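The values are calculated or read from the model by the stated rules, or taken from the named source; none is laboratory data. Model, not experiment: these values are computed from the prediction. So basically every Cβ, Gly included, is an ideal-geometry build from the backbone, and we count neighbours across all protein chains shown. The accessibility values were calculated without ligands, DNA or RNA, using every heavy atom of the protein model including side chains. Shrake-Rupley method; radii C 1.70, N 1.55, O 1.52, S 1.80 Å.
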Amino acid sequence: MGKRTKDKKNQESGPEATQVAPMAGWFNKQLTRRTVGKGLAWTAVLGAAGVSIYKVSSDDDSEISADSLELQKKEGWNVGSTDKLLVFNEGLSAIDSVQKTWSGLDPNYLISIYQPRSSALQPFFVPTLIQSLAQPSLNAQIRPINTALMNDCYQRTEGLRNLLSQTADAGQSLIVCDLPGPASVAVGAAMSDIAQVIPAFDNWPHPLGVVRSHETLGAMVYYAHEIEQKKSGLPDNAPMMILLDSNRLTPYTNQDNQFDNRYLAKLPTADQLKQRGIKQVLYLVKDQLQTEELDDLNEEFVDWQKNGLATRMLRLSDFKPFDEPVIASKGSSAGATGDSTQVHRHYYYGGSPYSHWWFYSHYYYSTPRQVVVVQGGRSVPLPRPSTAPSFSPPSYRPVTRPTIFSAARVGSSSGIGKTRPSGFGRTSVRVAQNGRVTGTRPGRSGSYGRSGGSWFSG
């Protein structure tokens, strides 16, 4: 038996425990010359299963469109590309952020690390990406990664962490971190000792995936032990932080070298947030190049604002480096000629210890009498500055705008998620007469170069 068969068996006993029959087996029972000949009647059967049949060719293969994630769960994470490997652009690391090595990636262990401690917050945790590690051939390819962007975002976030750890009402905030997946994980790691970090990555990697979620998974492995250590002392009134991958809506160019593993963010409703004492939402983005929320967030953000949840944008780039000289003694070792000056870098809101304080006024937190910063290598309390800062927060307020996403909710009780537009997160595959998936076509035009047959609508 090959790797793909082993992956499917593992999946059935893995964290999802879905016990779903493989898609090929389902087609093997259903797909016959007689039923295909019924045309539109057969299309209705497929439609009820969430599958659309596009063309029946002269060689009896059928081209169907299926939900990409469901296709991967039933046919294997690398469906149609079992001969291809994942490619990491940068940052592969032999050790993680606490200098440990990984001998194996247990998805259940990772889930235990990343799921919120509070049971009240667990409905907002999306374990989908971690669950993909139950596929052995994927698990074997995932490695910890640590990129320059991850390091930069981690260090800037320490400035935000410093401020939120000193205000009494930080727990009244939800922070929605919407950065590229690995950077978002780095932000969560930096905040994990003072915030309830909640990953919401809802897809699986694929060798041709338009969303490079395997790199997000690599970042989760890199910071896992650090987060496990930090969250053990998390206070009960810690703010919520939902981690999103801003690449989840990466443009899909309808080419044969892409697999459409895009997905929509899942967020709590206004009522769910208010029941948990949330009064303010901070939408954390990378820099000034982003001036509005991504399209799949628009309706939730507008609804939050209408329901009294102040929703504001915070740019991580507003936490700027400030280099402070520190005198370091060389001690009495042989050859020592005196003290030396070293430079320690810290990140402050506005780029200075004296502008750092103004974060509380810009984002409507209760203001402490003083803010403790690091100067000269020691902690120094600073009172409120006497002059106003020379910069302002982004001029942002969520407003309704047309997008391709529907407002229809998935699940009336949970209120999490929405329906997807036609063709979003779906992949065309070729199915043989015997029910075997013989190939994928990420692009939805053409028919694998075959001729003959007829088109069905579905």
Item checked: Members of region 95-115 found to be under 18 Å from the mean Cα position of the chain (by Cα) and not polar (S, T, N, Q), listed by number -> Pro107, Leu110, Ile111, Ile113, Tyr114
Note to self: Six or more apart or on different chains, Cβ atoms under 9 Å: show the pairs whose first residue is in region 229-252 and over 17 Å from Gln196 (Cα atoms) and whose second is open to solvent by less than 60 Å² (accessible area, probe 1.4 Å) and in a strand (DSSP E or B).
What the structure shows: Asp245/Asp178; Asp245/Leu179; Asp245/Ala200; Ser246/Asp178; Ser246/Leu179; Ser246/Val285
Next item on the list: Could you figure out which of (1) in contact with a Ser or Thr (Cβ under 8 Å, 6 or more places away or on another chain); (2) surrounded by fewer than 19 Cβ atoms within 10 Å (Cβ to Cβ); (3) among the small types (Gly, Ala, Ser) isn't true of Ser232?
Entry: (1)
Check: So Thr216 fits all but one of (1) in contact (Cβ under 8 Å) with a residue 60 or more places away in the chain; (2) open to solvent by less than 10 Å² (accessible area, probe 1.4 Å); (3) more than 17 Å from Ser246 (Cα to Cα); what number is the exception?
Finding: (3)
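Within region 331-345, is even one residue in contact with a Phe, Trp or Tyr (Cβ under 8 Å, 6 or more places away or on another chain), surrounded by 12 or more Cβ atoms within 10 Å (Cβ to Cβ), modelled with pLDDT of 85 or more and closer than 30 Å to Leu244 by Cα?
Initially, region 331-345 is screened for residues in contact with a Phe, Trp or Tyr (Cβ under 8 Å, 6 or more places away or on another chain), giving 345.
Narrowing further to those that are surrounded by 12 or more Cβ atoms within 10 Å (Cβ to Cβ): none.
Taking every residue of region 331-345 in turn, none turns out to be in contact with a Phe, Trp or Tyr (Cβ under 8 Å, 6 or more places away or on another chain), surrounded by 12 or more Cβ atoms within 10 Å (Cβ to Cβ), modelled with pLDDT of 85 or more and closer than 30 Å to Leu244 by Cα.
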Notebook entry, point to check: Regarding Ser173, is this residue over 15 Å from Tyr223 (Cα atoms), touching a residue at least 60 places away in the same chain (Cβ under 8 Å) and open to solvent by less than 10 Å² (accessible area, probe 1.4 Å)?
Noted result: yes
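Is it true that Ile198 is touching a residue at least 60 places away in the same chain (Cβ under 8 Å) and closer than 20 Å to Leu234 by Cα?
Values: touching a residue at least 60 places away in the same chain (Cβ under 8 Å): yes; closer than 20 Å to Leu234 by Cα: yes.
Criteria met by Ile198.
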Next item on the list: Kindly indicate the residue of region 120-139 that is modelled with pLDDT of 95 or more and outside any helix (DSSP H, G or I) and also farthest from Gln272 (Cα to Cα) among those meeting that condition.
Entry: Gln135
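Please go through region 415-438 and pick out each residue that is on the phi > 0 side of the Ramachandran plot and modelled with pLDDT under 75. It would help to see each step written out before you state the result.
Kept after step one, since they are on the phi > 0 side of the Ramachandran plot, are these residues of region 415-438: 415, 417, 423, 425, 435.
Answer for region 415-438, where residues must be on the phi > 0 side of the Ramachandran plot and modelled with pLDDT under 75: Gly415, Gly417, Gly435.
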Margin query: What are the pairs with Cβ atoms under 6 angstrom where one residue, in region 295-319, is over 24 Å from Gly277 (Cα atoms) and the other, located anywhere, is in a helix (DSSP H, G or I)? Sequence gap at least six, or different chains.
Written below: Leu316/Arg156; Phe319/Arg156; Phe319/Gly159
Next item on the list: For region 145-172, enumerate the residues that are of a type in the set (Asp, Glu) and in a loop (DSSP other than H, G, I, E, B).
Entry: Asp169
Next item on the list: Tell me which of these Gly159 doesn't satisfy, since it passes every other one: (1) closer than 27 Å to Gln280 by Cα; (2) of a type outside the set (Asp, Glu); (3) modelled with pLDDT of 95 or more; (4) under 20 Å from the mean Cα position of the chain (by Cα).
Entry: (4)
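Residues of region 189-209 being polar (S, T, N, Q) and in contact with a Ser or Thr (Cβ under 7 Å, 6 or more places away or on another chain), which ones? Walk me through it before giving the result.
Pass one, region 189-209, residues polar (S, T, N, Q): 192, 196, 203.
Those that are polar (S, T, N, Q) and in contact with a Ser or Thr (Cβ under 7 Å, 6 or more places away or on another chain): Gln196, Asn203.
Output yes when any residue across region 266-278 is under 22 Å from Ala219 (Cβ atoms), part of a loop (DSSP other than H, G, I, E, B) and either open to solvent by 60 Å² or more (accessible area, probe 1.4 Å) or of a type in the set (Lys, Arg) (or both), and no when none is.
Here is the first cut: in region 266-278, the ones under 22 Å from Ala219 (Cβ atoms) are 266-267.
When the remaining residues are screened for being part of a loop (DSSP other than H, G, I, E, B), the result is 266-267.
After this cut, where a residue has to be either open to solvent by 60 Å² or more (accessible area, probe 1.4 Å) or of a type in the set (Lys, Arg) (or both) as well, the list is 266.
So far as region 266-278 goes, yes, one or more of its residues are under 22 Å from Ala219 (Cβ atoms), part of a loop (DSSP other than H, G, I, E, B) and either open to solvent by 60 Å² or more (accessible area, probe 1.4 Å) or of a type in the set (Lys, Arg) (or both).
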Next item on the list: Can you give me the number of residues within region 148-162 that are in contact (Cβ under 8 Å) with a residue 60 or more places away in the chain, touching a helix residue (DSSP H, G or I) at 6+ places or on another chain (Cβ under 6 Å) and not basic (Lys, Arg)?
Entry: 4
Margin query: Show me the strands (runs of 3 or more DSSP E) found entirely inside region 173-262 where at least 3 residues are charged (D, E, K, R).
Written below: none
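Of all residues in region 236-289 being of a type in the set (Phe, Trp, Tyr) and touching a strand residue (DSSP E or B) at 6+ places or on another chain (Cβ under 7 Å), which is farthest from Ser119 (Cα to Cα)? Can you show your working first?
Quick first cut of region 236-289, residues of a type in the set (Phe, Trp, Tyr) only: 252, 259, 263, 283.
Still in the running and touching a strand residue (DSSP E or B) at 6+ places or on another chain (Cβ under 7 Å): 259, 283.
Details: Phe259: 35, Tyr283: 24 Å.
Filtering region 236-289 for residues that are of a type in the set (Phe, Trp, Tyr) and touching a strand residue (DSSP E or B) at 6+ places or on another chain (Cβ under 7 Å), the one farthest from Ser119 (Cα to Cα) comes out as Phe259.
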Check: Among Ser246, Ser184, Ser165, which is out of contact with any helix residue (DSSP H, G or I) (no Cβ under 7 Å at 6 or more places or on another chain), open to solvent by 10 Å² or more (accessible area, probe 1.4 Å), of a type in the set (Ser, Thr, Tyr) and within 26 Å of Ile142 (Cα to Cα)?
Finding: Ser246
Item checked: Positions within region 70-102 being buried (at least 20 other Cβ atoms within 10 Å of the Cβ) and in a helix (DSSP H, G or I), in sequence order -> Leu71, Gln72, Lys73, Lys74, Glu75
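Return the only residue of Arg143, Arg117 being under 18 Å from Pro199 (Cβ atoms), charged (D, E, K, R) and open to solvent by 10 Å² or more (accessible area, probe 1.4 Å).
Numbers: Arg143 fails: under 18 Å from Pro199 (Cβ atoms).
Sole residue among the options that is under 18 Å from Pro199 (Cβ atoms), charged (D, E, K, R) and open to solvent by 10 Å² or more (accessible area, probe 1.4 Å): Arg117.
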